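The values are calculated or read from the model by the stated rules, or taken from the named source; none is laboratory data. All figures in this text were calculated on a predicted structure; none of them were measured in a lab. Please note: Cβ atoms are built from the backbone with ideal geometry, for glycine as well, and neighbour counts cover all protein chains shown. Remember, those area values only see protein heavy atoms, side chains included, never the ligands or the DNA or RNA. Shrake-Rupley method; radii C 1.70, N 1.55, O 1.52, S 1.80 Å.
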Amino acid sequence: MPPSSRLRPRTRRRRAGLVTAGLAALSTFAAVTGVLPASYGAAAAVCGTANAAQGRPSSASSTENAGTPASAAFDGATGTRWSSAFSDPQWIQVDLGDSRQICRVALNWETARAQTFKIQVSADGSTWTDATATVTGTAGTQTLDLAATGRYVRMYGLTRATQYGYSLWEFGVNVVTDGSTLPGGGDLGPNVRVFDPSMSAASIQSTLDTIFRQQESNQFGSQRYALLFKPGTYSGLNAQIGFYTSIAGLGQSPDNVTINGDITVDAGWFNGNATQNFWRSAENLAVVPVNGTDRWAVAQAAPFRRIHVRGGLNLAPNGYGWASGGYIADSKIDGTVGPYSQQQWFTRDSSIGGWTNGVWNMVFSGVVGAPAQSFPNPPYTTLAQSPVTREKPYLYVDQGGAYRVFVPSLRTNSSGASWANGATPGTSIPLTQFYVAKPSDGAATLNQALAQGLNLLFTPGVYHLSQTLNVTRPDTVVLGLGYATLIPDGGVVAMNVADVDGVKLAGLLFDAGTVNSPVLLRVGPDGATASHSGNPVSIQDVFFRIGGAGPGSATTSLVVNSDDTIIDHIWAWRADHGAGVGWNANPADTGLIVNGDNVTAYGLFVEHYKKYEVIWNGQGGRTIFFQNELPYDPPNQASWMNGSTRGYAAYKVADSVTTHEAWGMGSYCNFSTDPSVVAERGFEAPTRSTVKFHDLLTVSLGGVGTIAHVINNTGGAAQGTATVPVNVVSYP
């Protein structure tokens, strides 16, 4: 997140409990092996998704006051809570009505939580049996898989984590069900807010403001929101978009939803510095800005897709402070785009009325109205067409008011928005063909849904996975709303995709767990060889995080083994600030490894990994736009050596590769722990005429460290306090 992070205060973590150790126990409904048996059939018992405790009779050992009764933890509302007296031990219990097989509990802790506790069950409410060993509490939602039978379930708090009492927003209980068939469709959950034109502007604005106040600086919180607008016209709105918030129209075309007002991202919460405006998005609507220009001042993981701006677009914060984004695709901006202080930006398959300036690295692929190729002065890299694309799937409502997901068709040699000359070509899938997942769903339920042939729609929230999600059916759509976050527990791989055609993964955040996972997302098994040129896998707005919300560890974030895969906007981030951050606190070797052939990547953001950030082993690869920061925190040069070579390159093309091409590539250093550290080079590749690089740069942010060469031994040293890029126009 350039520029000069050394100037940024290390923000105090707002504890959110995104990472928990998890409790995986054998159960009567699934084995926690990470793989569902081939015979896992319709008759298998499963852990249900309904909250069996909601609205049931409850009691507690004590309450803090009349406003925090036991019943508030079982009312299904995350704005009410139970809290106890300020002493140990304390308990809260619920009566399920009859004896049930209990397979999971979900505890949504307030900051005042248990340091240690047990889950207990009882047949009569008086004699209790431990269903878990002693568990360490974590703030936010903590999900525990278990196998127990009882009518009564209670949380028995042994010790508190704060000087206050025990406090739970919600206490959910899931029980074993027949599970013969999981249903498709269903409601979108409490964190999807749907607006329609009949609502008053004042009531809509009130909801927008309430969510923004919660999310404006909530960088590492567990709250997630999607703000969805049904077709029609809305006036007088200013939708300020904070962390983990997505705003989107529910029309089939962006112009079906018009907001006469603003969709705003600014950086007042961070003193005018936009370099930490991560994890938010806007999609599939039209905006008519009040003063003629909309403001979208973002950093990484903040896509702007399928938007029609009937005016101009300002990508800088108020006051033109630091900014480090960003990504636009499938959009039309009628006026001029002003990046101003944005160091780098990528725009794909859109149309713009003009572009005002560039700092280090502005890349355009298939953009009508883009400035001409001129790198490095001005620093514009312009490709007339994008070689192969598929736009991201999106949720909409049909004329009958039913929810559907639209999957755009594959395009080759494309330019301009897919909807510029009429409806986007593609396929519509009814929501009834999706399992609508809630954060209370366990991995066994999600795998059963996949095995049934359902697609997955993740509603906003944090999902803990005790086993790997296995996507095996061709053309499966896995779509997240509101930055749905997947956390692997116990060191499992969060998701595996088989070597099949046409899987679409979009809108997900993979957050590493406390036990090291070898990989967070694997696309295709090792050694995959099938061709998918006619119907490739696509990975869009899929983000990865190691640390920041708490300690996390994963050797590699994303491994792509399947040929022809399209990577369209990822941010793989080993955290440089937040909680659980340090050279040994959040270890991660590599952000992306590409083993498949003919893989195409657009908008590749990979930062701070301890070894090579990207390793490209496949033949025929293409990358259009790459933004990288090397790790800030090597303790010294001896700690960061690649054999006898000083440090690791950001982007490594394997010596065995004979064909590869890349455009608009930047790597920056800020070795703030030891400014004497040197990276030998930003990019490393075999020197062959068929391995081509265009428009490369390296930068030392404020002279805090050195990158000795741009690519291999070509290009001078990036160093010195002037923060001036070293450019290489072509290589070899």
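Selection of the stretch 501-527 for residues being without any contact (Cβ under 8 Å) to a residue 40 or more places away in the chain and touching a strand residue (DSSP E or B) at 6+ places or on another chain (Cβ under 9 Å) yields 502, 503, 505, 517, 518, 520, 521, 522, 525.
Inspect all residues belonging to the stretch 658-668 and state whether any of them is open to solvent by 10 Å² or more (accessible area, probe 1.4 Å) and more than 22 Å from residue 362 (Cα to Cα). Yes, some residue in the stretch 658-668 is open to solvent by 10 Å² or more (accessible area, probe 1.4 Å) and more than 22 Å from residue 362 (Cα to Cα).
Within the span defined as the stretch 374-385, every residue fails to be under 26 Å from the mean Cα position of the chain (by Cα) and open to solvent by 10 Å² or more (accessible area, probe 1.4 Å). Among the candidates 397, 359, which residue alone is surrounded by fewer than 22 Cβ atoms within 10 Å (Cβ to Cβ), of a type in the set (A, V, I, L, M, F, W, C) and within 26 Å of the chain's Cα centre (by Cα)? Of 397, 359, the one residue that is surrounded by fewer than 22 Cβ atoms within 10 Å (Cβ to Cβ), of a type in the set (A, V, I, L, M, F, W, C) and within 26 Å of the chain's Cα centre (by Cα) is 397.
Annotation note: Cβ proximity below 7 Å between a residue of the stretch 245-260 that is in contact (Cβ under 8 Å) with a residue 24 or more places away in the chain and a residue that is among the acidic types (Asp, Glu) and buried (at least 24 other Cβ atoms within 10 Å of the Cβ) (sequence gap 6+ or interchain) occurs for 246/283; 248/283.
The strands (runs of 3 or more DSSP E) located wholly in the stretch 341-408 that include 3 or more residues which are closer than 21 Å to residue 480 by Cα occupy 394-397, 403-408. Remark: residue 333 matches the filter, which requires a residue to be touching a Gly at 6+ places or on another chain (Cβ under 7 Å) and in a strand (DSSP E or B). Considering the stretch 173-200 alone, what residues qualify as being among the small types (Gly, Ala, Ser) and either under 24 Å from the mean Cα position of the chain (by Cα) or modelled with pLDDT under 95 (or both)? Result: 179, 180, 184, 185, 186, 189. Residue-level check: of (1) within 30 Å of the chain's Cα centre (by Cα); (2) surrounded by fewer than 15 Cβ atoms within 10 Å (Cβ to Cβ), residue 724 misses just (1).
Would you confirm whether or not the stretch 625-640 contains a residue that is touching a strand residue (DSSP E or B) at 6+ places or on another chain (Cβ under 6 Å), open to solvent by 20 Å² or more (accessible area, probe 1.4 Å) and at pLDDT 95 or above? The answer is no, given that none of the residues of the stretch 625-640 is touching a strand residue (DSSP E or B) at 6+ places or on another chain (Cβ under 6 Å), open to solvent by 20 Å² or more (accessible area, probe 1.4 Å) and at pLDDT 95 or above. Is the stretch 646-655 home to any residue that is modelled with pLDDT of 95 or more, open to solvent by 40 Å² or more (accessible area, probe 1.4 Å) and in contact with a Pro (Cβ under 7 Å, 6 or more places away or on another chain)? Looking through the stretch 646-655, at least one residue is modelled with pLDDT of 95 or more, open to solvent by 40 Å² or more (accessible area, probe 1.4 Å) and in contact with a Pro (Cβ under 7 Å, 6 or more places away or on another chain). Looking at 678, 691, just one residue is hydrophobic (A, V, I, L, M, F, W, C) and open to solvent by 10 Å² or more (accessible area, probe 1.4 Å), and that residue is 678. Restrict the check to the stretch 202-215 and report whether at least one residue is open to solvent by less than 50 Å² (accessible area, probe 1.4 Å), on the phi < 0 side of the Ramachandran plot and within 15 Å of the chain's Cα centre (by Cα). Within the stretch 202-215 (the criterion being open to solvent by less than 50 Å² (accessible area, probe 1.4 Å), on the phi < 0 side of the Ramachandran plot and within 15 Å of the chain's Cα centre (by Cα)), the answer is no, since none of the residues qualifies. Among the residues of the stretch 169-199, write down those that are open to solvent by less than 60 Å² (accessible area, probe 1.4 Å), outside any strand (DSSP E or B) and within 26 Å of residue 467 (Cα to Cα). Passing the criteria: 179, 180, 182, 184, 186, 188, 189, 191. Would you check if there is a residue in the stretch 160-168 being open to solvent by less than 10 Å² (accessible area, probe 1.4 Å) and touching a Gly at 6+ places or on another chain (Cβ under 9 Å)? Scanning the stretch 160-168, I find at least one residue that is open to solvent by less than 10 Å² (accessible area, probe 1.4 Å) and touching a Gly at 6+ places or on another chain (Cβ under 9 Å), so the answer is yes. What about residue 402, is it under 30 Å from residue 726 (Cα atoms), open to solvent by 20 Å² or more (accessible area, probe 1.4 Å) and not aromatic (Phe, Trp, Tyr)? Considered against the rule, which asks whether it is under 30 Å from residue 726 (Cα atoms), open to solvent by 20 Å² or more (accessible area, probe 1.4 Å) and not aromatic (Phe, Trp, Tyr), residue 402 comes out as no. Among the residues of the stretch 528-574, those that are more than 23 Å from residue 386 (Cβ to Cβ), outside any loop (DSSP other than H, G, I, E, B) and of a type outside the set (Ser, Thr, Tyr) comprise 544, 545, 546, 548, 549, 554, 559, 573, 574. Meeting the requirement of 3 or more residues that are out of contact with any His (no Cβ under 8 Å at 6 or more places or on another chain) and under 25 Å from residue 398 (Cα atoms), the strands (runs of 3 or more DSSP E) wholly within the stretch 200-318 are 225-229, 232-240, 245-249, 257-264, 280-288, 304-309. Would you please name the residue that is nearest to residue 169 (Cα to Cα), looking only at residues in the stretch 56-84 that are open to solvent by 70 Å² or more (accessible area, probe 1.4 Å) and touching a residue at least 40 places away in the same chain (Cβ under 8 Å)? Of everything passing the filter in the stretch 56-84, 78 is nearest to residue 169 (Cα to Cα). Do we have any residue at all in the stretch 137-151 that's in contact with a Gly (Cβ under 8 Å, 6 or more places away or on another chain), basic (Lys, Arg) and crowded, with 16+ Cβ neighbours inside 10 Å? The answer is yes, given that some residue of the stretch 137-151 is in contact with a Gly (Cβ under 8 Å, 6 or more places away or on another chain), basic (Lys, Arg) and crowded, with 16+ Cβ neighbours inside 10 Å. Per the listing 589, 597, the residue uniquely acidic (Asp, Glu), touching a Lys or Arg at 6+ places or on another chain (Cβ under 9 Å) and open to solvent by 10 Å² or more (accessible area, probe 1.4 Å) is 589. Would you confirm whether any residue within the stretch 117-135 is surrounded by fewer than 20 Cβ atoms within 10 Å (Cβ to Cβ), closer than 16 Å to residue 153 by Cβ and at pLDDT below 90? Within the stretch 117-135 (the criterion being surrounded by fewer than 20 Cβ atoms within 10 Å (Cβ to Cβ), closer than 16 Å to residue 153 by Cβ and at pLDDT below 90), the answer is no, since none of the residues qualifies. Of the residues that make up the stretch 330-351, is at least one surrounded by fewer than 24 Cβ atoms within 10 Å (Cβ to Cβ), closer than 28 Å to residue 230 by Cβ and in contact (Cβ under 8 Å) with a residue 60 or more places away in the chain? Checking the stretch 330-351: at least one residue is surrounded by fewer than 24 Cβ atoms within 10 Å (Cβ to Cβ), closer than 28 Å to residue 230 by Cβ and in contact (Cβ under 8 Å) with a residue 60 or more places away in the chain. Filtering the stretch 472-531 to residues that are open to solvent by less than 10 Å² (accessible area, probe 1.4 Å) and among the aromatic types (Phe, Trp, Tyr) leaves only 510. Restricting attention to the stretch 677-714, the residues being within 22 Å of residue 624 (Cα to Cα), touching a Lys or Arg at 6+ places or on another chain (Cβ under 8 Å) and in a loop (DSSP other than H, G, I, E, B) number 2.
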